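Report on the following structure.
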Amino acid sequence: MTTTAPLSLTAQRRAAIDSALTDVRQLIAHGAPDRAALAAVTRRLEALAAQQHLFARADFPPPDATQGVGASTRYRLNAADGDEGLALYLNSINPGKTTQPHNHTTWAVIVAVEGQEVNRLYERTDDRSNPAQAQIHLASEFTVQPGASIAFLPEDIHSIHVVGNVPTLHFHLYGLPLERLSGRVAIDAATGAITNYNAAHLLPSEAVA
């Protein structure tokens, strides 16, 4: 009788990621997803996050404490797919991380494996006629943590605030790689000043085989 050797943890993880992304592509196959489609994508990504043994901190370590409060590492989980189409990241962020309010210019889904990230959700109220200035107000807050996920359409605006005592391990899935999103904007919540988010804040990702 022929027996098949069990897959390594790395191979199991690769298979689980590839299966999830195949399902997501089917869920959004009919064009730009609406909130209902993103809810289905979120459920599929939550199923991936439930396989916690595939995404251990030993394999996706947080930044060293010497890098300071709020330091982050972003792991690209489907680097072989290149710069076109879906981009799945696993973010490991130390408590204390905050961002300015910003958009993505593509859809996004955030699902937690471990850790807590407060998302502040904003509404833009100006007529968008001034490319250097915006008016926003805080509409609500939502804490992303295991079992509580969030999704965004391209022009939704949010900021993140990592809380608690442990670094996050959160999936961030985007319609395009972050490096491609050159039109993203950050908005100063106090002054309304608009800056280019990628130019000011985007750090390189670490590719995962």
Original post:
Which one of His170, His161, His53 has the biggest mean-square fluctuation once the chain is modelled by GNM with Cα springs under 10 Å?
Top reply: His53
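With charges only on Cβ, +1 for K and R and -1 for D and E, what is the dipole size of the chain about its Cα centre, in debye, rounded to 20? Before the final figure, lay out the partial values.
Details: 15 positive and 20 negative charges, 55 e Å.
For the chain, the charge dipole is close to 260 debye.
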Subject >> Percent RCO, i.e. relative contact order, over the chain, from Cα pairs under 8 Å lying at least 6 residues apart >> reply: 25 percent
**OP:** Putting +1 on Lys and Arg Cβ atoms and -1 on Asp and Glu Cβ atoms, find which of Leu54, Thr191, Pro154 reaches farthest to the positive end of the dipole of the chain.
**Re:** Leu54
Original post:
How many angstrom lie between the C-alpha centres of the stretch 72-88 and the stretch 176-203?
Top reply: 19 Å
**OP:** Provide the gained length on full extension for the span Ala190 to Ala209, in nm with one decimal, where the gain is 0.36 nm per separating residue minus the Cα-Cα distance.
**Re:** 2.7 nm
**OP:** Please report, in debye to the nearest 20, how large the charge dipole of the stretch 48-161 is about its Cα centre when each Lys and Arg carries +1 at its beta carbon and each Asp and Glu carries -1 there.
**Re:** 240 debye
Original post:
Fully extended, how many nm does the chain gain between Val166 and Asp18 (0.36 nm per residue separation, minus their Cα-Cα distance)?
Top reply: 50.5 nm
Original post:
GNM, the chain, Cα, under 10 Å: largest mean-square fluctuation among Ser159, Ser72, Ser19?
Top reply: Ser19
Subject >> Ranked packing of 129-139, 145-155, most packed first, by mean Cβ within 10 Å >> reply: 145-155, 129-139
**OP:** Apply the Debye scattering formula to the stretch 13-133, with a single equal point scatterer on each alpha-carbon and no solvent, then give log10 I(q)/I(0) at q = 0.09 Å⁻¹.
**Re:** -0.32
Original post:
Kirkwood-based Rg over Rh for the chain (C-alpha set), two decimals?
Top reply: 0.98
Subject >> Under Karplus coefficients 6.51, -1.76 and 1.60, residue-wise ³J(HN,Hα) of the stretch 96-108 in Hz, glycine/proline x >> reply: x, 5, 9, 10, 6, x, 7, 9, 10, 6, 8, 6, 8
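Please work out how much length the chain gains when fully extended from Arg57 to Glu155, using 0.36 nm per residue of separation minus the C-alpha to C-alpha distance, in nm with one decimal. Each step should come with its number before you reach the end.
On the way: separation 98, 0.36 × 98 = 35.28 nm, distance 3.21 nm.
Between Arg57 and Glu155, full extension yields 32.1 nm more.
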Original post:
Relative contact order of the stretch 1-89: what whole-number percent is it, with Cα pairs under 8 angstrom and at least 6 residues apart?
Top reply: 24 percent
Subject >> Dipole of the stretch 88-198 [Lys/Arg +1, Asp/Glu -1 at C-beta], most positive-end residue of Val163, Asn103, Leu178 >> reply: Leu178
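None of the figures in this text is laboratory data; all of them are computed from the coordinates on show. Please read all numbers here as calculations on a predicted model, not as lab measurements. All Cβ positions, glycine included, derive from the backbone under ideal geometry; neighbour counts span all protein chains shown.
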